[in-house]
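Take a look at the structure set out below.
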Amino acid sequence: FGTGVLAGLSVLISAGPTREPIDPVRYISNRSSGKMGYALAEAAARAGAKVSLVTGPTALKVPNVQELSRVETAEDMYHCVMSKVSSANIYIGAAAVADYCPETAANRKIKKNRPEMVLTLRKTRDILSAVSGSAERPFTVGFAAETDQLEDYARQKLAAKSLDLVAANWVGRGQGGFENDDNALFVCWNGGHTYLPLASKTALAEQLIRLIAERYHAQNSA
Ligand code: C5P
């Protein structure tokens, strides 16, 4: 794998979950472990790329990359990614960005003195769409996790977010995805698709990086 398929290229990767504060002690988050994003970061580095990783909170060991930025909220991740996008040739959005965050975070701990409470949530900004819509527009890769109609939703995401490639995995089928060490992917781009069967996230990351490099070079030599 030391062929350097990404030699000379800068790759920006987002990984992990985000945390959306409710009050100083509580937050809304999701089950993302960050493993797929970190594995992609390491694989891209091994393929010769200069890698910048923007990560939400994870329990993973610091990967071997040129630059690591730690963020908490979707809003923080948006600003961090957008500040780096102009120097990236490729963006891989592997983070499980919260779709909604509390409209306001209380600045004191909320007491349990009511029988019920209502939290108003508002939509976060879509980082991936912002990247693919930016003036500098790197080759843009998105992820999709679906419980059904995976191929259809992946194709829709490719178009809706103007992406160059979508990597989609099944969730809730006992075959990889969130929190697991293994994963399987359906990958599509304009004009093609492929299946990467169940494998370790490390092995899968290498295959996906190779595919991304192939598509990137096909686009940029045409
Ligand atoms: O539309 P959906 O959230 O399912 O798309 C998932 C893809 O979009 C992932 O690549 C994820 O990193 C990205 N995303 C994002 N910003 C959001 C929500 C999702 O970049 N606010």
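The values are calculated or read from the model by the stated rules, or taken from the named source; none is laboratory data. This structure is a prediction, so every number in the text was calculated from the model and none was measured. All Cβ positions, even for glycine, are placed from backbone atoms using ideal geometry, and neighbour counts span all protein chains on display.
If we keep just the residues of segment 53-94 that are small (Gly, Ala, Ser) and under 13 Å from the mean Cα position of the chain (by Cα), which is surrounded by the most Cβ atoms within 10 Å (Cβ to Cβ)?
Applying the filter and picking the extreme gives Gly93.
Ala130 - would you say it is within 14 Å of the ligand (Cβ to nearest atom) and within 25 Å of Gly37 (Cα to Cα)?
When the stated conditions are applied, Ala130 passes them.
Which one of the conditions (1) at pLDDT 95 or above; (2) within 13 Å of the chain's Cα centre (by Cα) does Tyr153 fail to meet, given that it meets all the rest?
(2)
Taking the options Glu116, Glu42, Glu72, name whichever one is acidic (Asp, Glu) and without any contact (Cβ under 8 Å) to a residue 40 or more places away in the chain.
Step by step, each of Glu116, Glu42, Glu72 is checked, and only Glu116 is acidic (Asp, Glu) and without any contact (Cβ under 8 Å) to a residue 40 or more places away in the chain.
Is it the case, given these coordinates, that Ala106 is among the small types (Gly, Ala, Ser) and at pLDDT below 95?
No; evaluated as a whole, the condition is false for this residue.
When you scan segment 18-65, how many residues do you find that are small (Gly, Ala, Ser), assigned to a loop (DSSP other than H, G, I, E, B) and over 13 Å from Ala96 (Cβ atoms)?
Here the count works out to 4.
Given Leu68, Leu121, which one is within 13 Å of the ligand (Cβ to nearest atom) and either within 25 Å of Met36 (Cβ to Cβ) or touching a strand residue (DSSP E or B) at 6+ places or on another chain (Cβ under 9 Å) (or both)?
Exactly one of Leu68, Leu121 is within 13 Å of the ligand (Cβ to nearest atom) and either within 25 Å of Met36 (Cβ to Cβ) or touching a strand residue (DSSP E or B) at 6+ places or on another chain (Cβ under 9 Å) (or both), namely Leu121.
Do we have Pro102 as touching a residue at least 60 places away in the same chain (Cβ under 8 Å), away from the ligand (no atom under 11 Å from the Cβ), more than 19 Å from the chain's Cα centre (by Cα) and buried (at least 17 other Cβ atoms within 10 Å of the Cβ) here?
Answer is yes for this residue.
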